[in-house]
Amino acid sequence: MHTSGGRVSTVIGGVAYSARGEITLNPSNITVTAGVNRDGSLYRTVEPKARTAELTFDRFVDVEGRPLKWDENIMKLTNLGATFIEEDVGGVQTGLTHLLSGGFFTGDPSIATATGEVSNMGFAAEKYETLTG
């Protein structure tokens with residue numbers, strides 16, 4: 001049986017943050033599409049793309065409760081590393097770690113003052129690796 005969900009630790013640029021919602025990883029650096037020629041034969045195309053992660057934060061608060069002061073320089077940072085550790089999935093310690101390196105933030109960040117959620121942010125990276133522990 002496979003269980004999904006649970007607690008995830010998030011570290012970006014060496015700082016541990018509280019992720020608010022679901023983290024969606026797109027670890028492949030290619031996308032493959034299928035098509036059909038006029039004679040009915042199948043073909044495929046392969047195109048490069050960025051490896052990405054989509055995530056939301058708790059007001060960019062680190063795990064010590066210190067808020068990160070917002071300024072546009074956050075979006076200008078490059079060569080960042082991001083680590084997502086699936087700590088507790090359905091009561092099971094998975095030890096699954098996702099590493100992204102050579103990355104930067106993407107998107108058009110929004111902060112909901114009522115909830116403190118920072119959304120519309122992503123992360124793009126040169127490399128992706130999965131470790132099991």
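The values are calculated or read from the model by the stated rules, or taken from the named source; none is laboratory data. As the structure is a prediction and not an experimental result, all values here were calculated from the model. With ideal geometry, Cβ positions are generated from the backbone for all residues, glycine too; neighbour counts draw on all protein chains shown. Protein only, heavy atoms only, side chains kept; ligands, DNA and RNA dropped before computing areas. Shrake-Rupley method; radii C 1.70, N 1.55, O 1.52, S 1.80 Å.
Numbers below:
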quantity	calculated
Residue in segment 1-27 that is modelled with the lowest pLDDT, counting only those that are assigned to a loop (DSSP other than H, G, I, E, B) and not small (Gly, Ala, Ser)	Met1
Selection status of Arg51, surrounded by 12 or more Cβ atoms within 10 Å (Cβ to Cβ), at pLDDT below 80, in contact with a strand residue (DSSP E or B) (Cβ under 7 Å, 6 or more places away or on another chain) and of a type in the set (Lys, Arg)	no
Close pairs (7 angstrom Cβ cut-off, 6 or more residues apart or separate chains): on the phi > 0 side of the Ramachandran plot in segment 104-118, part of a strand (DSSP E or B) and not β-branched (Val, Ile, Thr) anywhere	Gly107/Asn120; Gly107/Met121; Gly107/Gly122; Gly116/Asp58; Gly116/Arg59
Failed item, numbered, when Leu99 is tested on (1) open to solvent by 30 Å² or more (accessible area, probe 1.4 Å); (2) modelled with pLDDT under 80; (3) under 19 Å from Pro27 (Cβ atoms)	(2)
Residue that is modelled with pLDDT of 95 or more and either under 26 Å from Ala112 (Cβ atoms) or within 21 Å of the chain's Cα centre (by Cα) (or both), where the choices are Ile30, Ile74	Ile30
